[in-house]
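**Q** Please find one structure pasted underneath; my questions will follow.
The values are calculated or read from the model by the stated rules, or taken from the named source; none is laboratory data. Please read these numbers as outputs of a predicted model, since none were measured by experiment. Positions of Cβ are generated from backbone atoms using ideal geometry, with glycine treated the same way; all protein chains shown enter the neighbour counts.
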Amino acid sequence: MKRYPPPLPPPFPIRRRRIPAFHPVPVSGRKDGWTHERQAAFIGYLAETRSVAAAAQAVSMAREGAYRLRAREGAASFARAWDAALGKRPKSCDPAQEASPKVTDLPARYRAEHGLIVTIMYRGRYVKSARRPDNSALLQHLAQLDRALRMADAEDGGWDEGHR
């Protein structure tokens, strides 16, 4: 087992970083795996320590598993939160795209069901995480369902007058 010395305090004042709300990565239902709560705590500890190994250890997971989670399909929002926690600028410097929760590769149904995870920091320390509903994903999903219903109605030739 690897042992790491405790991190030294930085020689410069820590700038306050804003961690964007993110959609959790879709994972299986294992209790000892990367649950949504562990993902949120990992991002919080990552912002606090700036060390992937220390953050993974804080949530009782392996550093390598964290990198595998980041590389999974559907992890774009998680990766943006990871980069923000480390203070990295996104590759695209478009601030509208950086702040938009709509820029994701997850289906609208998943985003509406699971919502956004907000990491709450206080004085540079991770306090907790909270879920916030993703209303734009819900509206997008409802619009998709409405379009599918209209298409199915058009294929059936419409309802008879007694059902309208």
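**Q** Can you pull out every residue in segment 132-154 that is of a type in the set (Asp, Glu) and over 27 Å from ALA40 (Cβ atoms)? Talk me through it step by step, then tell me what you get.
**A** Within segment 132-154, the first condition is being of a type in the set (Asp, Glu), and the residues that meet it are 134, 146, 153.
Those that are of a type in the set (Asp, Glu) and over 27 Å from ALA40 (Cβ atoms): ASP146, ASP153.
**Q** Let me ask you something else. Scan segment 32-69 residue by residue and report those that are without any contact (Cβ under 8 Å) to a residue 24 or more places away in the chain and either within 16 Å of PRO20 (Cα to Cα) or among the hydroxyl-bearing types (Ser, Thr, Tyr) (or both).
**A** THR35, SER60, TYR67
**Q** Would you kindly identify the helices (runs of 4 or more DSSP H) lying entirely within segment 56-164 that contain at least 2 residues that are at pLDDT below 90? Spell out the reasoning first.
**A** On the way: elements: 63-71, 76-85, 95-99, 108-114, 135-155.
Answer list for segment 56-164: 95-99, 108-114, 135-155.
Here's the yes/no breakdown for (1) among the β-branched types (Val, Ile, Thr); (2) surrounded by 12 or more Cβ atoms within 10 Å (Cβ to Cβ); (3) touching a Phe, Trp or Tyr at 6+ places or on another chain (Cβ under 9 Å):
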{"site": "ARG18", "(1), (2), (3)": "no, no, no"}
{"site": "ARG63", "(1), (2), (3)": "no, yes, no"}
{"site": "ALA71", "(1), (2), (3)": "no, no, no"}
{"site": "ARG80", "(1), (2), (3)": "no, yes, yes"}
